[in-house]
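For reference, the structure discussed in these notes is given below.
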């Protein structure tokens, strides 16, 4: 865990919702009226306003509805906490209760309408907040917190109650936190810590507790937003708000379910534009986790592969454990941008250095070999028989003189080194004490990142508690894994934001000429035949083989002559899938007699299988290339998504695919290919020529345009196989499958 925060670590209007008519509410975007340019071609928003939450976190006046000072009542302890919080932030607090004249000596009012002033925030300690919402709206209250549970997290009846509450809030104009939330936003935050802070967002209050307690290790926390069921204010609102706060160095999130996929992407995009890292634990990687998340917050979890891809696409750093969340967000909040991406490992044990280096390299960190000149320099203070190439083994850090500091300074001085990591697996005083002090002293004189792993399970040693945690210039961790995760995230984040260009700025806003052609081919509620699906591809400029649809053996022979031998013949029908398994594909036909026989055989099989055909396709036979799959599916959270992967008949077995959520650019299309385990096939293996990667990327981008323009009307598209030919020869969609919503 990082130490204190001095020194080297540097420093709405309602969110836009698209309504049924395709319009945005007024003032949805940075206080101006929304226009058609604020929507992409599918009708989804391209911008989201930043909610003005200043008066939520720092209100001038607060009403506590349901306040109590009766002994033994749950509301009594909460009221006491709110009174203390109001005093800390300088807010005037007004208890509200129909039968009490005072609460803890503070005058109490029977209803919100009787309050002596308009309040910024109302905390609702009542079982049913719905009746109070309209009263708050009449009194122009800006924010409310609904503490009550028993809503969407409890099942259908509770979900219906939450929908009624959300509708009332929407009508009222106020902003609501909750229901099923708690009062973590009103905790006592340390005011004595300086430097960039971590802002915390959690859907479960208890899960945020480890991050909150980082303050005791010197890590500044600026805000805590416990979003609960998110009937109104949601994770995305707080990400957008925190990304604009100058004191926030990183945003840490615990997410159980996303309420609105597009809103989340817009918020992540805002953070990426501003270089503010977002670190998230997202529950729902497994079916069990997703089921538990839904039961807790009553929201749709979404397909985890899509969530994972969407987060990666917009620079959200996804971690698994709460310990990783706290360590990674703390490092990212306060560390300066890297001067280089090379990592040097320095240890007092060759075994420790080798172990850590293995793990770091496996995780993708770059450990450059130090130059001969640098190794010669290090050997002035380290015996010749020890390895100093990286990792650097000192054989035992010097205790009695200045040599230890010289070693550390020399490593940090290397231009290829941006991060120095020193794993200390256990205390070994006085050597470990001197090593810790030398690392702290060296860190005082450099703008490069210095990390220490203090592996002692005890954690009470002075070298750890006083020296390392007392320093703001050394990032201290307790485990190898957390250190590696945090450093990798640190380097990845700065690499990502350095070249970041928002895809929303370049997203299409008006339909292309292909759209009208495609619309005419759509058949709502139906699956298209292969022939019709290929026409859809052709409308968007995606190359398909020469082919003709025929309904007689004689026509098949004529078509084969026009297409050119050898040919492929396939059955084509609106409800026909998996033709190969049914024997409805014939390849390599080289004569008229073979074509006649194939036509009869295909139609006979179709009759036997009870398959209705619109004809037989006679297709150009394309030379072998790399078989890929490119497709569109519809995610309930994010809408249309685009997938690319290894294709062919084994596509479901290999399951080697990458996903993106539109809009995205050419850089992301290329990044998808880099994520594939079989990426080497495209580069050419075992004597095969390199594939036409540019043509493959172009197909992915054209499919994305199709997904955007046809929007929710295209439920599914599958191009499999897309034959990617050798470099310079293009890519051809040999088969296609499409389903209209």
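Do you know which residues across the range 161-185 are assigned to a loop (DSSP other than H, G, I, E, B) and buried (at least 24 other Cβ atoms within 10 Å of the Cβ)? Within the range 161-185, 178, 179, 180, 181 meet the criteria. Are any of the residues in the range 221-232 within 15 Å of the chain's Cα centre (by Cα) and modelled with pLDDT of 95 or more? Checking the range 221-232: not a single residue is within 15 Å of the chain's Cα centre (by Cα) and modelled with pLDDT of 95 or more. All of 191, 117, 187 fail the test of being under 23 Å from residue 69 (Cα atoms) and not assigned by TED's automatic domain parsing to the domain that holds residue 80, apart from 187.
Check the range 299-307 and report whether any residue there is buried (at least 24 other Cβ atoms within 10 Å of the Cβ), in a loop (DSSP other than H, G, I, E, B) and modelled with pLDDT under 95. Scanning the range 299-307, I find at least one residue that is buried (at least 24 other Cβ atoms within 10 Å of the Cβ), in a loop (DSSP other than H, G, I, E, B) and modelled with pLDDT under 95, so the answer is yes.
When the helices (runs of 4 or more DSSP H) confined to the range 27-138 are screened for residues that are in contact with a helix residue (DSSP H, G or I) (Cβ under 8 Å, 6 or more places away or on another chain) and at pLDDT below 95, those reaching at least 3 such residues are found at 130-138. On the basis of being modelled with pLDDT of 95 or more and closer than 28 Å to residue 118 by Cα, does residue 143 make the cut? Judged against the criteria, residue 143 is a match. Do the conditions hold for residue 577, that is, is it at pLDDT below 95 and not in a helix (DSSP H, G or I)? So residue 577 passes the test.
Of all the listed residues (230, 216, 194), the sole one being outside any helix (DSSP H, G or I) and under 30 Å from residue 474 (Cα atoms) is 194.
Taken over the range 547-582, the criterion of being within 29 Å of residue 523 (Cα to Cα) and surrounded by fewer than 15 Cβ atoms within 10 Å (Cβ to Cβ) is satisfied by 551, 552, 575, 577, 578, 580, 581.
Looking at the range 82-125 only, could you name the residues that are crowded, with 16+ Cβ neighbours inside 10 Å and farther than 16 Å from residue 56 by Cα? Once the filter is applied, which keeps residues that are crowded, with 16+ Cβ neighbours inside 10 Å and farther than 16 Å from residue 56 by Cα, the range 82-125 yields 95, 96, 97, 100, 103, 106, 108, 109, 112, 115, 125.
Residue-wise test of (1) touching a helix residue (DSSP H, G or I) at 6+ places or on another chain (Cβ under 6 Å); (2) farther than 22 Å from residue 532 by Cβ.
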{"residue": "603", "(1), (2)": "no, no"}
{"residue": "615", "(1), (2)": "no, no"}
{"residue": "618", "(1), (2)": "yes, no"}
{"residue": "627", "(1), (2)": "no, yes"}
{"residue": "633", "(1), (2)": "no, no"}
{"residue": "640", "(1), (2)": "yes, no"}
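For the range 400-419, a residue qualifies if it is surrounded by 15 or more Cβ atoms within 10 Å (Cβ to Cβ) and either over 18 Å from residue 435 (Cα atoms) or in contact with a helix residue (DSSP H, G or I) (Cβ under 8 Å, 6 or more places away or on another chain) (or both), and the qualifying residues are 404, 405, 407, 408, 410, 411, 412, 414, 416, 417, 418, 419.
For the condition over 25 Å from residue 57 (Cβ atoms) and either in the same structural domain as residue 173 (by TED's automatic domain parsing) or touching a strand residue (DSSP E or B) at 6+ places or on another chain (Cβ under 9 Å) (or both), residue 129 does not qualify.
Yes or no: the range 453-464 includes at least one residue that is closer than 19 Å to residue 250 by Cβ, surrounded by 24 or more Cβ atoms within 10 Å (Cβ to Cβ) and at pLDDT 95 or above.
Within the range 453-464, none of the residues are closer than 19 Å to residue 250 by Cβ, surrounded by 24 or more Cβ atoms within 10 Å (Cβ to Cβ) and at pLDDT 95 or above.
Residue count for the range 465-496 satisfying the condition of being out of contact with any helix residue (DSSP H, G or I) (no Cβ under 6 Å at 6 or more places or on another chain), in a loop (DSSP other than H, G, I, E, B) and crowded, with 22+ Cβ neighbours inside 10 Å: 1.
Within the range 340-351, the set of residues being closer than 18 Å to residue 371 by Cα, out of contact with any helix residue (DSSP H, G or I) (no Cβ under 7 Å at 6 or more places or on another chain) and assigned to a loop (DSSP other than H, G, I, E, B) comprises 340 only.
Condition check for residue 370 on (1) assigned by TED's automatic domain parsing to the domain that holds residue 251; (2) out of contact with any helix residue (DSSP H, G or I) (no Cβ under 7 Å at 6 or more places or on another chain); (3) surrounded by 21 or more Cβ atoms within 10 Å (Cβ to Cβ): one failure, at (1).
For the range 241-278, the tally of residues that are within 16 Å of residue 52 (Cβ to Cβ) and either surrounded by fewer than 24 Cβ atoms within 10 Å (Cβ to Cβ) or not assigned by TED's automatic domain parsing to the domain that holds residue 314 (or both) stands at 5.
The values are calculated or read from the model by the stated rules, or taken from the named source; none is laboratory data. Bear in mind that the values here come from a model prediction, so they are computed numbers and not experimental data. Glycine also receives a Cβ, built like all others from the backbone with ideal geometry; neighbour counts cover every protein chain displayed.
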